[in-house]
Amino acid sequence: MWCDWSLAQLDAASLLGPLCINDVVYAEISVRYDRIEDLDEMLAETGLRIEPIPREALFLAAKVFAQYRKSGGTRGGVLPDFFIGAHAAVSGLSLLTRDTKRFRTYFRSVTLIGPQES
């Protein structure tokens, strides 16, 4: 179900402009590949660009993560989402995600493409 939805959203977004991922997303995707060359080939074939995370976004991610922790959030597994959300916020990028709640809470300026929005 989610694979088809995600592919449809990526296809629609590709008509509006280039698609990109950052280093964090690259790392998350890489677990599905045995060789870096295979992953890089897939990215080239799909036209996905790798955009570095700006320093301003790294700083924002740390501040927002501290706010999240102060409000009772757990440590495990969420920091990558803050890097991704901060990158989108600082760079004015839209973000495709199924987890719209966290991104909407901490990155209100980001245009989200999620199940509720499609």
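The values are calculated or read from the model by the stated rules, or taken from the named source; none is laboratory data. If you're wondering where the values come from, they're calculated on a predicted model, not measured in any experiment. Cβ placement follows ideal geometry from the backbone for every residue including glycine, while neighbour counts extend to all protein chains displayed.
Mind counting the residues in region 39-55 that are in a helix (DSSP H, G or I), surrounded by 12 or more Cβ atoms within 10 Å (Cβ to Cβ) and of a type in the set (A, V, I, L, M, F, W, C)?
Number satisfying all stated conditions: 3.
Pick from Leu58, Leu93: which is part of a loop (DSSP other than H, G, I, E, B), surrounded by 12 or more Cβ atoms within 10 Å (Cβ to Cβ), at pLDDT 95 or above and not basic (Lys, Arg)?
Selected residue: Leu93, the only one of Leu58, Leu93 that is part of a loop (DSSP other than H, G, I, E, B), surrounded by 12 or more Cβ atoms within 10 Å (Cβ to Cβ), at pLDDT 95 or above and not basic (Lys, Arg).
Considering region 24-41 alone, what residues qualify as being touching a helix residue (DSSP H, G or I) at 6+ places or on another chain (Cβ under 7 Å) and among the aliphatic types (A, V, I, L, M)?
Result: Val24, Val25, Ile29, Leu39.
Residues are listed down the side, and each one gets a yes or a no for (1) assigned to a loop (DSSP other than H, G, I, E, B); (2) assigned by TED's automatic domain parsing to the domain that holds Tyr106; (3) under 15 Å from Ile113 (Cα atoms):
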{"position": "Asp4", "(1), (2), (3)": "no, no, yes"}
{"position": "Ala8", "(1), (2), (3)": "no, no, yes"}
{"position": "Tyr33", "(1), (2), (3)": "yes, no, no"}
{"position": "Phe65", "(1), (2), (3)": "no, yes, no"}
{"position": "Thr74", "(1), (2), (3)": "yes, yes, no"}
{"position": "Ala89", "(1), (2), (3)": "no, yes, yes"}
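Being more than 22 Å from Met1 (Cβ to Cβ) and either aliphatic (A, V, I, L, M) or not assigned by TED's automatic domain parsing to the domain that holds Phe59 (or both) is the filter here, so list the residues in region 91-117 that pass it.
Leu93, Val110
Applying the selection to region 97-118, what residues are touching a residue at least 24 places away in the same chain (Cβ under 8 Å) and under 21 Å from Tyr68 (Cα atoms)?
Scanning region 97-118 gives Arg98, Arg102, Tyr106, Phe107, Val110.
Cβ-Cβ below 7 Å, separation at least six or inter-chain, first residue in region 15-29 and surrounded by 14 or more Cβ atoms within 10 Å (Cβ to Cβ), second acidic (Asp, Glu): which pairs?
Every condition considered, the pairs that remain are Cys20/Glu51; Asn22/Glu51.
With the checklist (1) at pLDDT below 90; (2) over 23 Å from Arg55 (Cβ atoms) in hand, flag the one item Val78 doesn't pass.
(2)
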